[in-house]
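The values are calculated or read from the model by the stated rules, or taken from the named source; none is laboratory data. Note that this is a predicted model, so its numbers are computed, not measured. All Cβ positions, even for glycine, are placed from backbone atoms using ideal geometry, and neighbour counts span all protein chains on display.
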């Protein structure tokens, strides 16, 4: 087994070209499922702690993100690769210990965040959903550690972004200029190797895009236009899954629930089903 270094550009390009099939590990079920090979490389590139190894020269590779997230890439179909070389069994999911009760400090932080959110400008469904999806993706990749405060991050991110955008707009900045500022902040954080700031900038960029979409939606509704593609069932419909930010999953996402684009939403719904004692309910 050889660990592929990130600066071996020619070797990496050859692996990308040779890896035609991918199987990903689903920690919620303990099973492997078929995935796009590009998703494995994207996870490897996004997480500096992830590793890419060549298990069988020219035939099989593994992208290991963490104990409960890895991808197996093969040059041939999985059933053919299995006949050539028996693949190691997927490790059992790491047991998740019951989370301790919230501390007094955590309760104080949550109360303070709640007051901050109340003072934020109105946050539309697109901004809330974008922030929830961005935070869920960071939890999924391990950039953000899930704890008692994680559930408040989407709403807090949307509130912080809404306040910042309102302030910058009052100074005469256009949305494009605001986006460029956020992208510059992200680039500076990435250059400094500050992953936490990169994650925060990513989430704010997503929330800002949602704010722009909400403004456009309001403008179209004011002009008498309809946006059926953005309609989602109201929160009163208990059959519609919602993220931990309380945002119902939009119809287009629910229609493609098994696609890769719904990954962040599925994680957000799973997080919404974690009770205060830290015990998970059924996945969305």
Would you say residue 217 is at pLDDT below 90 and surrounded by 13 or more Cβ atoms within 10 Å (Cβ to Cβ)? yes
Can you name the residue in the range 9-29 that is under 29 Å from residue 198 (Cα atoms) and out of contact with any helix residue (DSSP H, G or I) (no Cβ under 9 Å at 6 or more places or on another chain) and is also surrounded by the most Cβ atoms within 10 Å (Cβ to Cβ) among such residues? 25
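Every residue, every condition in (1) out of contact with any strand residue (DSSP E or B) (no Cβ under 6 Å at 6 or more places or on another chain); (2) at pLDDT below 85; (3) surrounded by 15 or more Cβ atoms within 10 Å (Cβ to Cβ), yes or no:
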{"site": "31", "(1), (2), (3)": "yes, yes, no"}
{"site": "39", "(1), (2), (3)": "yes, no, yes"}
{"site": "44", "(1), (2), (3)": "no, no, yes"}
{"site": "47", "(1), (2), (3)": "no, yes, yes"}
{"site": "54", "(1), (2), (3)": "no, no, yes"}
{"site": "59", "(1), (2), (3)": "yes, no, yes"}
{"site": "67", "(1), (2), (3)": "yes, yes, no"}
{"site": "72", "(1), (2), (3)": "no, no, yes"}
{"site": "81", "(1), (2), (3)": "no, yes, yes"}
Select the strands (runs of 3 or more DSSP E) contained entirely in the range 1-62, then report the ones holding at least 1 residues which are without any contact (Cβ under 8 Å) to a residue 24 or more places away in the chain and over 17 Å from residue 141 (Cβ atoms). 31-34
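Tell me which residues, restricted to the range 157-172, are assigned to a helix (DSSP H, G or I) and either surrounded by fewer than 21 Cβ atoms within 10 Å (Cβ to Cβ) or free of Cβ contacts under 8 Å to residues at least 40 places away in the same chain (or both). Give the steps one after another, and end with the answer.
Just the residues of the range 157-172 that are assigned to a helix (DSSP H, G or I), to begin with: 157-170.
Selection gives 160, 163, 164, 166, 167, 168, 169, 170.
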With 179, 186, 197 as the choices, which residue is surrounded by 13 or more Cβ atoms within 10 Å (Cβ to Cβ), closer than 27 Å to residue 42 by Cα and more than 18 Å from the chain's Cα centre (by Cα)? 179
